[in-house]
Each structure stands twice: as structure tokens, then as C-alpha cells.
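Notes follow once the structure below has been shown.
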Amino acid sequence: MLSNTPGVRPLGGARREVEILRGLLPTEVLSEERATFERVMDALPRHPCVHFACHGVSEPADPSNGRLLVHDHATRPLTVSAISRLELPAARLAVMSACETARGGGQLADESIHITSAFQLAGYANAVGTLWPVHDAVAVRVTRLLYRELCAEGADGGPELDDTRTARALHQAVRGCRAAFAASPSLWAAHVHAGA
């Protein structure tokens, strides 16, 4: 979670997304100056489900250079190339609550080289991304609605994430946002699911 990333505007909603997740599930958070390239790359193999609340940047002319803005993004960017080289056999769900994470290249629109597809290549069976810039408050709303649909009671009585329902859960979350912002599709239609 990066609500204050060096060199870019603050994201107040990132903190609210963490609060939502902590209220529903046991959650480990890498935030602010702790959310560096090295720490994120080190944490990914240990976490089958990940959620990024940060800035995302697509590069239509060079899609492999699309990136999530971690704290040290100026010197160590978390790029499509870096993510797609990972091999994470236990990976299940990656949610990118960040702008343009499913936006591909401009010249070859039918080729899916973007941050969301990089997580799929790394092993995540389900990935959620965005096609264009998203409003901070809508990202928070989508997060709340998505995870409410995904959370179930586990065998031990505690909360459990059922990522097998990701596509349906995202559909319900987007429908909820559409009901709230019916006249503004650009607010609710950006979120997409890729995967199983």
C-alpha cells in the first residue's frame, strides 16, 4: 500500500483499502517506505493472494515497461518484465487497485502485455486490473465490494478467501458501482478480471 509515493500525487484511498482488507482477513501489509522493489519481490512467493493499492503506469509504446509504483520506483521499478519472470506455483489471486494495469500497447491492441497479464504469467490464476485511470474513491468501493463477495467462513470458523469466485465477485462489485454511478461509465467500467 502506497498512499504517499515519492514523486506522484497522494492516494488517500490506499489507506482505506488496507482498513477494509484488515477488517475482513488476516493481512500482512507492506506500506510506504517498506514497499520497495526488493521487499515486494521477496514477499510475492510467500503470499498466494496479493493486493496492490498504489499508482500504476502503462507504457503503450513499450508495454513491458508498464509498472506499479513502489516506494523506490525511480531506481527500481516493479515492471511487467520483472513480474512476468517470476514462477509462483502457489499463486492464486492478484488484485491491482491501480490505474491502467490492464492497458496494453497501442500498436498491437490484441496482444496482452500489461501488468495484469504479467501476474498471470507469474502464476496467478486470477488477476484483477484496470483498463484506464480509476478514481480513488471508486477503487475503494470496488475493493470493499469485491472482498465482501470473496470472503467466506473457513473450516476453522475463521475468515477465508475464496478466489475461485473472483470473476463473479468482480462482476458484482462493478454492478454495485454502476448502480451508484450509472451516468458515468468511466468510473465503474475500468475494472476487469483475467484468468480462470
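The values are calculated or read from the model by the stated rules, or taken from the named source; none is laboratory data. The structure displayed is predicted, hence computed values, not measured ones. Methodologically, a virtual Cβ is constructed for each residue, glycine included, from the backbone with ideal geometry; neighbour enumeration extends over all protein chains shown. In case anyone asks, the SASA skips ligands and DNA or RNA and just uses the protein heavy atoms, side chains included. Shrake-Rupley method; radii C 1.70, N 1.55, O 1.52, S 1.80 Å.
Could you check region 56-70 and list, in sequence order, the residues that are open to solvent by 10 Å² or more (accessible area, probe 1.4 Å), touching a helix residue (DSSP H, G or I) at 6+ places or on another chain (Cβ under 9 Å) and of a type in the set (A, V, I, L, M)?
Once the filter is applied, which keeps residues that are open to solvent by 10 Å² or more (accessible area, probe 1.4 Å), touching a helix residue (DSSP H, G or I) at 6+ places or on another chain (Cβ under 9 Å) and of a type in the set (A, V, I, L, M), region 56-70 yields only V57.
Of the numbered conditions (1) among the hydroxyl-bearing types (S, T, Y); (2) open to solvent by less than 60 Å² (accessible area, probe 1.4 Å); (3) out of contact with any helix residue (DSSP H, G or I) (no Cβ under 6 Å at 6 or more places or on another chain); (4) over 16 Å from G195 (Cα atoms), S97 satisfies every one except a single condition; which is it?
(3)
Would you check if there is a residue in region 32-42 being open to solvent by less than 70 Å² (accessible area, probe 1.4 Å) and in contact with a Gly (Cβ under 9 Å, 6 or more places away or on another chain)?
Looking only at region 32-42, we keep the residues that are open to solvent by less than 70 Å² (accessible area, probe 1.4 Å), and these are 32, 35-37, 40-41.
Then drop every residue that is not in contact with a Gly (Cβ under 9 Å, 6 or more places away or on another chain), which leaves none.
Looking for residues that are open to solvent by less than 70 Å² (accessible area, probe 1.4 Å) and in contact with a Gly (Cβ under 9 Å, 6 or more places away or on another chain), one finds none in region 32-42, hence no.
Only one residue in S117, S112 is small (G, A, S), more than 20 Å from R15 (Cα to Cα) and surrounded by fewer than 21 Cβ atoms within 10 Å (Cβ to Cβ). Which one?
Values: S117 fails: surrounded by fewer than 21 Cβ atoms within 10 Å (Cβ to Cβ).
The match here is S112.
List pairs: first in region 81-92 and open to solvent by 70 Å² or more (accessible area, probe 1.4 Å), second outside any loop (DSSP other than H, G, I, E, B), Cβ under 8 Å, 6+ apart or cross-chain?
R85/A122; E87/A122; R92/C49; R92/N126; R92/D163
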